[in-house]
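The values are calculated or read from the model by the stated rules, or taken from the named source; none is laboratory data. Note that the structure is predicted; figures quoted are calculated from it, not measured. We place every Cβ from the backbone using ideal geometry, glycine too, and count neighbours over all the protein chains shown.
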Amino acid sequence: MIQLTFGDAEDLCQRKQTRREIFLSQMDRVVPWQALLKLIAPHYPTLGRPDRQPYALATMLRIHFLQQWYALSDPAMEEALHDTPVMRRFAQPCEWRKPMLRRRRCARRGVWLLRTGCG
């Protein structure tokens, strides 16, 4: 279970559901998630490099479906997860901020390398 932000909690109290919310709730009920996860699990990597562990399979599968339904590229999907609470709740991400943190770490490391003269 992911922790809701104040903005997400405020959106849950709205009276009218958007078409996107209705569509995603229907797809959540209709798509056989467990059967698909069983088919994909043997082929999905479980271990990665120490600094780049793979995301949860269920989250990646839901993100893939979102990309197909809404015709989004990888960068557009990442932006949609950041901007759209409905998509974020549907994807059920556990660590959706991870790529941004990785970029910040790399940027800091690059600045450090330049300051020390190692890079």
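Of note:
- Of all residues in segment 35-64, those being within 30 Å of SER25 (Cβ to Cβ) and in contact (Cβ under 8 Å) with a residue 24 or more places away in the chain number 9.
- Pair list, Cβ under 8 Å, 6 or more apart: segment 66-78 residue under 14 Å from LEU24 (Cβ atoms), other residue acidic (Asp, Glu): GLN67/ASP74
- Evaluation of LEU37 against (1) under 18 Å from PRO93 (Cβ atoms); (2) at pLDDT below 80; (3) not small (Gly, Ala, Ser) (one fails), failing number: (2)
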